[in-house]
Amino acid sequence: MNKLKALIFDVDGTLADTERDGHRVAFNQAFADAGLDWSWDVGLYGELLKISGGKERMYHYLADLDHDQKLNDTDALIAGLHAAKNRLYSQMLQQGKISLRPGVKRLLSEARDSGLRIAIATTTSRINVIALLEQTLDPMALSWFEIIATAEEVPDKKPSPAVYEYVLEAMQLDAKSCLAFEDSENGLMAAQQAGINTIITLNDYTRNGDYSQALLVVSDLGEPDQPFEIMGGQAAQLITDQYKYFSVDFLRELHRIGLS
Ligand code: XBP
Ligand code: MG
(Lines give C-alpha, C1' and ligand atoms only; values in the text may rest on other atoms or scores of the structure.)
(Ligands and ions follow the chains in the order given, each with its own letter.)
Protein backbone atom coordinates (compact mmCIF):
# COMPACT_ATOMS: atom_id res chain seq x y z
CA MET A 1 0.00 0.00 0.00
CA ASN A 2 1.39 3.41 -1.00
CA LYS A 3 1.85 5.81 1.91
CA LEU A 4 1.30 9.51 1.36
CA LYS A 5 4.81 10.90 0.85
CA ALA A 6 4.50 14.17 -1.05
CA LEU A 7 2.26 17.09 -1.90
CA ILE A 8 2.64 18.85 -5.25
CA PHE A 9 1.22 22.36 -5.62
CA ASP A 10 0.22 24.45 -8.59
CA VAL A 11 0.91 28.17 -8.08
CA ASP A 12 -1.39 30.56 -9.96
CA GLY A 13 -4.93 30.35 -8.66
CA THR A 14 -4.00 27.66 -6.12
CA LEU A 15 -1.49 29.19 -3.72
CA ALA A 16 -2.82 32.69 -4.40
CA ASP A 17 -5.41 34.41 -6.56
CA THR A 18 -2.77 35.79 -8.88
CA GLU A 19 -4.63 36.10 -12.13
CA ARG A 20 -7.40 38.72 -12.04
CA ASP A 21 -5.70 41.32 -9.86
CA GLY A 22 -2.12 40.27 -10.53
CA HIS A 23 -1.01 38.99 -13.93
CA ARG A 24 -3.98 40.60 -15.75
CA VAL A 25 -3.29 44.06 -14.32
CA ALA A 26 0.43 43.68 -15.06
CA PHE A 27 -0.28 42.61 -18.67
CA ASN A 28 -2.47 45.68 -19.20
CA GLN A 29 0.16 47.98 -17.74
CA ALA A 30 2.83 46.40 -19.96
CA PHE A 31 0.60 46.90 -23.03
CA ALA A 32 -0.05 50.54 -22.14
CA ASP A 33 3.64 51.20 -21.44
CA ALA A 34 4.47 49.79 -24.88
CA GLY A 35 1.93 52.13 -26.50
CA LEU A 36 -0.45 49.32 -27.45
CA ASP A 37 -4.21 49.74 -27.15
CA TRP A 38 -4.73 46.15 -26.02
CA SER A 39 -6.79 45.86 -22.89
CA TRP A 40 -7.79 42.64 -21.14
CA ASP A 41 -10.87 43.13 -19.01
CA VAL A 42 -11.86 40.63 -16.32
CA GLY A 43 -14.20 38.70 -18.63
CA LEU A 44 -11.84 38.51 -21.60
CA TYR A 45 -8.98 37.42 -19.35
CA GLY A 46 -11.16 34.57 -18.07
CA GLU A 47 -11.43 33.35 -21.68
CA LEU A 48 -7.74 33.81 -22.32
CA LEU A 49 -6.87 31.76 -19.23
CA LYS A 50 -7.80 28.66 -21.19
CA ILE A 51 -4.37 29.13 -22.73
CA SER A 52 -1.66 28.29 -20.20
CA GLY A 53 1.40 30.50 -20.22
CA GLY A 54 1.64 34.26 -20.52
CA LYS A 55 3.49 34.29 -23.84
CA GLU A 56 1.19 31.66 -25.33
CA ARG A 57 -1.78 33.75 -24.13
CA MET A 58 -0.50 36.82 -25.98
CA TYR A 59 0.15 34.84 -29.20
CA HIS A 60 -3.37 33.47 -28.99
CA TYR A 61 -4.86 36.95 -28.47
CA LEU A 62 -2.81 38.34 -31.33
CA ALA A 63 -3.94 35.61 -33.70
CA ASP A 64 -7.58 36.55 -33.00
CA LEU A 65 -7.04 40.29 -33.01
CA ASP A 66 -8.53 42.26 -35.84
CA HIS A 67 -5.79 44.85 -35.89
CA ASP A 68 -4.78 47.27 -38.60
CA GLN A 69 -1.45 48.04 -37.04
CA LYS A 70 1.26 45.98 -38.72
CA LEU A 71 3.38 44.29 -36.12
CA ASN A 72 6.86 43.43 -37.22
CA ASP A 73 8.90 40.97 -35.23
CA THR A 74 6.10 39.55 -33.14
CA ASP A 75 8.43 37.23 -31.24
CA ALA A 76 10.54 40.15 -29.98
CA LEU A 77 7.43 42.16 -29.13
CA ILE A 78 5.92 39.32 -27.10
CA ALA A 79 9.17 38.49 -25.36
CA GLY A 80 9.53 42.17 -24.37
CA LEU A 81 5.94 42.45 -23.17
CA HIS A 82 6.26 39.25 -21.16
CA ALA A 83 9.43 40.41 -19.43
CA ALA A 84 7.82 43.78 -18.66
CA LYS A 85 4.67 42.07 -17.36
CA ASN A 86 6.73 39.87 -15.06
CA ARG A 87 8.65 42.87 -13.70
CA LEU A 88 5.38 44.68 -12.98
CA TYR A 89 3.93 41.54 -11.38
CA SER A 90 6.96 41.27 -9.07
CA GLN A 91 6.52 44.91 -8.09
CA MET A 92 2.89 44.25 -7.20
CA LEU A 93 3.98 41.41 -4.95
CA GLN A 94 6.59 43.60 -3.28
CA GLN A 95 3.86 46.15 -2.62
CA GLY A 96 1.83 43.46 -0.84
CA LYS A 97 -0.97 43.53 -3.40
CA ILE A 98 -1.36 39.74 -3.57
CA SER A 99 -1.75 37.38 -0.63
CA LEU A 100 -1.94 33.61 -0.14
CA ARG A 101 -5.30 31.86 -0.19
CA PRO A 102 -6.83 30.61 3.09
CA GLY A 103 -5.08 27.64 4.64
CA VAL A 104 -2.10 27.62 2.29
CA LYS A 105 0.60 28.80 4.68
CA ARG A 106 -0.78 26.76 7.58
CA LEU A 107 -0.95 23.54 5.55
CA LEU A 108 2.49 23.98 4.00
CA SER A 109 4.00 24.58 7.45
CA GLU A 110 2.26 21.56 8.92
CA ALA A 111 3.29 19.37 5.99
CA ARG A 112 6.93 20.35 6.45
CA ASP A 113 6.81 19.74 10.19
CA SER A 114 5.33 16.30 9.68
CA GLY A 115 7.98 15.24 7.17
CA LEU A 116 5.84 15.26 4.03
CA ARG A 117 7.86 16.21 0.98
CA ILE A 118 6.55 19.27 -0.89
CA ALA A 119 7.06 20.45 -4.45
CA ILE A 120 5.75 22.89 -7.02
CA ALA A 121 4.52 22.10 -10.54
CA THR A 122 3.58 25.22 -12.45
CA THR A 123 3.49 26.55 -15.98
CA THR A 124 4.40 30.06 -14.88
CA SER A 125 7.86 31.62 -15.15
CA ARG A 126 10.35 30.89 -12.34
CA ILE A 127 10.83 34.58 -11.59
CA ASN A 128 7.11 34.88 -10.75
CA VAL A 129 7.15 31.85 -8.48
CA ILE A 130 10.17 33.12 -6.57
CA ALA A 131 8.61 36.55 -6.10
CA LEU A 132 5.33 35.07 -4.87
CA LEU A 133 6.88 32.57 -2.45
CA GLU A 134 9.38 34.99 -0.95
CA GLN A 135 6.93 37.85 -0.60
CA THR A 136 3.92 35.95 0.69
CA LEU A 137 5.12 32.74 2.34
CA ASP A 138 8.53 33.29 3.88
CA PRO A 139 11.80 34.96 2.83
CA MET A 140 13.34 31.45 2.96
CA ALA A 141 10.36 29.78 1.30
CA LEU A 142 12.33 28.46 -1.69
CA SER A 143 14.05 26.02 0.66
CA TRP A 144 10.69 24.65 1.77
CA PHE A 145 10.21 22.92 -1.58
CA GLU A 146 12.28 19.97 -2.73
CA ILE A 147 11.58 20.73 -6.39
CA ILE A 148 10.20 23.87 -7.98
CA ALA A 149 9.34 22.93 -11.56
CA THR A 150 8.37 25.90 -13.73
CA ALA A 151 8.06 26.92 -17.39
CA GLU A 152 11.86 27.13 -17.55
CA GLU A 153 12.40 23.45 -16.70
CA VAL A 154 9.33 22.21 -18.56
CA PRO A 155 8.21 24.37 -21.51
CA ASP A 156 5.43 21.93 -22.39
CA LYS A 157 2.52 23.58 -20.54
CA LYS A 158 -0.54 22.16 -18.79
CA PRO A 159 -2.80 20.34 -19.67
CA SER A 160 0.31 18.38 -20.70
CA PRO A 161 1.31 16.16 -17.75
CA ALA A 162 4.99 16.95 -18.46
CA VAL A 163 5.56 19.20 -15.44
CA TYR A 164 4.10 16.62 -13.05
CA GLU A 165 6.07 13.82 -14.67
CA TYR A 166 9.20 15.93 -14.27
CA VAL A 167 8.53 16.38 -10.54
CA LEU A 168 7.82 12.66 -9.99
CA GLU A 169 11.00 11.71 -11.81
CA ALA A 170 13.14 14.26 -9.98
CA MET A 171 11.79 13.16 -6.60
CA GLN A 172 11.83 9.47 -7.53
CA LEU A 173 8.21 9.14 -6.44
CA ASP A 174 5.34 6.96 -7.51
CA ALA A 175 2.32 9.02 -8.58
CA LYS A 176 0.14 7.12 -6.12
CA SER A 177 2.18 8.26 -3.14
CA CYS A 178 1.41 11.92 -3.93
CA LEU A 179 -1.49 14.34 -3.93
CA ALA A 180 -1.70 17.36 -6.25
CA PHE A 181 -3.39 20.71 -5.58
CA GLU A 182 -4.84 22.57 -8.56
CA ASP A 183 -7.45 25.20 -9.35
CA SER A 184 -8.24 24.68 -13.04
CA GLU A 185 -9.33 22.15 -15.65
CA ASN A 186 -5.95 22.35 -17.39
CA GLY A 187 -4.23 21.71 -14.07
CA LEU A 188 -6.49 18.78 -13.21
CA MET A 189 -5.87 17.21 -16.62
CA ALA A 190 -2.12 17.58 -16.21
CA ALA A 191 -1.97 16.01 -12.75
CA GLN A 192 -4.42 13.26 -13.60
CA GLN A 193 -2.64 12.25 -16.76
CA ALA A 194 0.46 11.88 -14.62
CA GLY A 195 -1.59 9.53 -12.42
CA ILE A 196 -1.81 11.80 -9.36
CA ASN A 197 -5.00 12.16 -7.34
CA THR A 198 -5.95 15.81 -7.28
CA ILE A 199 -7.64 18.26 -4.96
CA ILE A 200 -9.22 21.28 -6.63
CA THR A 201 -9.54 24.61 -4.81
CA LEU A 202 -11.90 26.69 -6.91
CA ASN A 203 -11.69 30.39 -7.61
CA ASP A 204 -13.89 32.84 -9.52
CA TYR A 205 -12.26 32.07 -12.85
CA THR A 206 -12.33 28.30 -12.54
CA ARG A 207 -15.57 27.52 -10.73
CA ASN A 208 -17.52 26.43 -13.81
CA GLY A 209 -15.13 23.74 -15.00
CA ASP A 210 -15.63 19.98 -15.05
CA TYR A 211 -13.89 18.52 -12.02
CA SER A 212 -15.80 15.24 -11.78
CA GLN A 213 -12.52 13.30 -11.92
CA ALA A 214 -10.96 15.20 -9.03
CA LEU A 215 -10.54 13.49 -5.68
CA LEU A 216 -12.13 16.46 -3.93
CA VAL A 217 -13.33 19.90 -5.00
CA VAL A 218 -13.41 22.57 -2.29
CA SER A 219 -13.85 26.31 -1.95
CA ASP A 220 -10.36 26.62 -0.44
CA LEU A 221 -8.11 24.83 2.04
CA GLY A 222 -9.92 26.36 5.00
CA GLU A 223 -8.77 27.58 8.38
CA PRO A 224 -9.92 26.48 11.85
CA ASP A 225 -12.15 29.57 12.05
CA GLN A 226 -13.03 29.57 8.34
CA PRO A 227 -14.17 26.08 7.24
CA PHE A 228 -13.93 24.98 3.62
CA GLU A 229 -16.98 24.10 1.58
CA ILE A 230 -17.00 20.78 -0.26
CA MET A 231 -18.28 21.28 -3.81
CA GLY A 232 -17.71 17.85 -5.39
CA GLY A 233 -15.18 15.23 -6.39
CA GLN A 234 -14.99 11.46 -6.08
CA ALA A 235 -14.44 11.48 -2.31
CA ALA A 236 -17.06 14.14 -1.51
CA GLN A 237 -19.62 11.74 -0.07
CA LEU A 238 -17.04 9.99 2.09
CA ILE A 239 -15.78 12.98 4.03
CA THR A 240 -17.04 13.05 7.59
CA ASP A 241 -18.10 16.24 9.37
CA GLN A 242 -15.06 16.13 11.60
CA TYR A 243 -12.95 17.70 8.83
CA LYS A 244 -13.44 21.45 8.41
CA TYR A 245 -10.08 22.48 7.06
CA PHE A 246 -7.08 20.77 5.46
CA SER A 247 -4.62 19.23 7.86
CA VAL A 248 -2.04 16.48 7.37
CA ASP A 249 -4.41 14.02 9.09
CA PHE A 250 -7.14 14.94 6.66
CA LEU A 251 -4.77 14.55 3.72
CA ARG A 252 -3.76 11.06 4.86
CA GLU A 253 -7.43 10.13 5.06
CA LEU A 254 -8.13 11.61 1.61
CA HIS A 255 -5.14 9.83 0.16
CA ARG A 256 -6.38 6.52 1.58
CA ILE A 257 -9.83 7.13 0.04
CA GLY A 258 -8.19 7.97 -3.29
CA LEU A 259 -6.42 4.62 -3.42
CA SER A 260 -9.44 2.55 -2.43
C1 XBP B 1 -0.50 29.72 -14.82
C2 XBP B 1 -0.42 30.35 -16.12
C3 XBP B 1 0.53 31.43 -16.28
C4 XBP B 1 0.20 32.73 -15.60
C5 XBP B 1 1.15 33.79 -16.05
O6 XBP B 1 -1.00 28.41 -14.94
O7 XBP B 1 -1.07 29.97 -17.06
O8 XBP B 1 0.66 31.66 -17.62
O9 XBP B 1 -1.10 33.16 -15.95
O10 XBP B 1 2.47 33.41 -15.90
P11 XBP B 1 -0.84 27.37 -13.75
P12 XBP B 1 3.55 33.54 -17.08
O13 XBP B 1 -1.65 27.90 -12.59
O14 XBP B 1 -1.44 26.10 -14.29
O15 XBP B 1 0.61 27.21 -13.46
O16 XBP B 1 3.32 34.85 -17.72
O17 XBP B 1 4.88 33.44 -16.37
O18 XBP B 1 3.34 32.40 -18.03
MG1 MG C 1 -3.48 27.31 -11.62
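The values are calculated or read from the model by the stated rules, or taken from the named source; none is laboratory data. None of the values given here were measured: they were computed from a predicted structure. Backbone-built Cβ (ideal geometry, glycine too); neighbour counts: all protein chains shown.
Quick notes
- Candidates Leu4, Leu15, filtered to the one that is away from ligand 1 (no atom under 16 Å from the Cβ), buried (at least 19 other Cβ atoms within 10 Å of the Cβ) and at pLDDT 95 or above: Leu4
- Answer from Lys3, Lys55 - the residue that is among the charged types (D, E, K, R), part of a helix (DSSP H, G or I) and out of contact with any Asp or Glu (no Cβ under 8 Å at 6 or more places or on another chain): Lys55
- Selection from segment 150-176 of residues that are of a type in the set (D, E, K, R) and within 13 Å of Gln192 (Cβ to Cβ): Lys158, Glu165, Lys176
- No other residue among Ile118, Ile98 is in a loop (DSSP other than H, G, I, E, B) and in contact with a Leu (Cβ under 8 Å, 6 or more places away or on another chain) apart from Ile98.
- The single condition from (1) touching a residue at least 60 places away in the same chain (Cβ under 8 Å); (2) part of a loop (DSSP other than H, G, I, E, B) that Ser39 fails is (1).
- Within segment 178-188, the residues that satisfy the criterion of being of a type in the set (A, V, I, L, M, F, W, C) and within 12 Å of ligand 2 (Cβ to nearest atom) are Ala180, Phe181, Leu188.
- One residue from Ile130, Ile98, Ile147 being out of contact with any helix residue (DSSP H, G or I) (no Cβ under 6 Å at 6 or more places or on another chain) and more than 11 Å from ligand 1 (Cβ to nearest atom): Ile130
- Residue count, segment 150-168 (criterion: surrounded by fewer than 20 Cβ atoms within 10 Å (Cβ to Cβ), more than 10 Å from ligand 1 (Cβ to nearest atom) and among the charged types (D, E, K, R)): 2
- Residue within segment 60-71 that is modelled with pLDDT of 95 or more and of a type in the set (A, V, I, L, M, F, W, C) present: no
- Answer residue from segment 215-227, given it is in a loop (DSSP other than H, G, I, E, B) and over 15 Å from the mean Cα position of the chain (by Cα) and is surrounded by the fewest Cβ atoms within 10 Å (Cβ to Cβ) among those: Asp225
- Where a residue in segment 82-108 is within 19 Å of Gly13 (Cβ to Cβ) and in contact (Cβ under 8 Å) with a residue 40 or more places away in the chain and its partner, wherever it lies, is more than 16 Å from ligand 2 (Cβ to nearest atom) and not in a helix (DSSP H, G or I), with Cβ under 6 Å and at least six apart: Pro102/Glu223; Pro102/Gln226; Gly103/Gly222; Gly103/Glu223; Gly103/Tyr245; Gly103/Phe246; Leu107/Phe246
- Residue in segment 183-204 that is closer than 16 Å to Lys50 by Cα, more than 11 Å from ligand 1 (Cβ to nearest atom) and at pLDDT below 95 present: yes
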